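**Student:** Sharing a structure here in structure tokens format.
The values are calculated or read from the model by the stated rules, or taken from the named source; none is laboratory data. The structure displayed is predicted, hence computed values, not measured ones. Every residue, glycine as well, gets a Cβ built from its backbone with ideal geometry; the counts of neighbours run over all protein chains shown. Protein only, heavy atoms only, side chains kept; ligands, DNA and RNA dropped before computing areas. Shrake-Rupley method; radii C 1.70, N 1.55, O 1.52, S 1.80 Å.
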Amino acid sequence: MTRKKADTAPARRGRPRAYDAQAALKQATETFWRGGYSGTSLDEVAAATGMNPPSLYAAFGNKRAMYLEALAHYWEISLAANREALAKDRPLREALMLAYEAALSIYFSGKGRARGCFVIGTAIAEAVDDPDIRNSVAAGLRAIDADFEARFQAARERGELKRTADPAALAVLASATMHTIAIRARAGVPRSALREIAQKAVNAICACQPDES
């Protein structure tokens, strides 16, 4: 994929001025989230972070490197929220709804209209031509599937799901629900309606619970 001239970093030299790395990364992430990778210029990132371009280059590298760091940071936050919600000491139905509520909190965390998922909103288009972004997206999706599958395996062992339940298949269903909620949030579907979609998915998954004897 052809890179814009502004994406190319000059050789690093000198020391960057004092800055808060986490705050700068957060502001850069917010900027990419609004405009996407290709639609966000280095000048816009510089304005958002309060750092001049040479300081940004010295601290993070070029725009692409900065975006990849923002993408990795987003995965850390979203996966941590999902894993906390899926804690095995909660009933399965409650854990699943908490996972979707955690996702909705992220999708509606911006000012104004819902912005959805950072990955779906900014990385999917770039993943077609950029192998590093594609690998990040693929790894993150595998991690989400694995976390849901582990929770469903535990639920089956604890008798919350039928012995014949397929944790891998249920994980794909649970993940797909999360992705469609993210897309629909970006399209302007109200949060209450997205919560109803999540509830329907939870009901379908928990229909695999053993019959009461």
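**Student:** Can you find, among ALA139, VAL189, TYR100, the residue farthest towards the positive end of the dipole of the range 96-213? Put +1 on the C-beta of Lys and Arg, -1 on that of Asp and Glu.
**Tutor:** Checking the options against the dipole of the range 96-213, the answer is VAL189.
**Student:** Report the accessible area of MET178, computed with a 1.4 Å probe over the heavy atoms of all protein chains in place, in Å² rounded to the nearest 10.
**Tutor:** 20
**Student:** Counting only helical runs of four or more DSSP H residues, what would the 222 nm mean residue ellipticity of the chain come to if each run contributes -39,500 (n - 2.57) and the total is spread over all its residues?
**Tutor:** -21000 deg cm²/dmol
**Student:** Mind checking the dipole of the chain: about its Cα centre, +1 per Lys or Arg Cβ, -1 per Asp or Glu Cβ, Debye to the nearest 20?
**Tutor:** So the magnitude is around 640 debye.
**Student:** Now a separate question. If you line up the long axis of helix 167-186 against the longest principal axis of the chain, both from Cα atoms, how many degrees apart are they, to the nearest 10?
**Tutor:** So the inclination is approximately 50 degrees.
**Student:** Still on this structure: Can you compute the charge dipole magnitude of the range 100-189 about its Cα centre, using +1 on each Lys and Arg Cβ and -1 on each Asp and Glu Cβ, nothing else charged? Give it in debye, rounded to the nearest 20.
**Tutor:** About 400 debye.
**Student:** Right, next: Keeping all protein chains in place, calculate the accessible area per residue for the chain (probe 1.4 angstrom), answer in Å².
**Tutor:** Computed with neighbouring chains in place, this is 52 Å² per residue.
**Student:** Any idea of SER78's accessible area? Nearest 10 Å², probe 1.4 Å.
**Tutor:** Number for this one is 20 Å².
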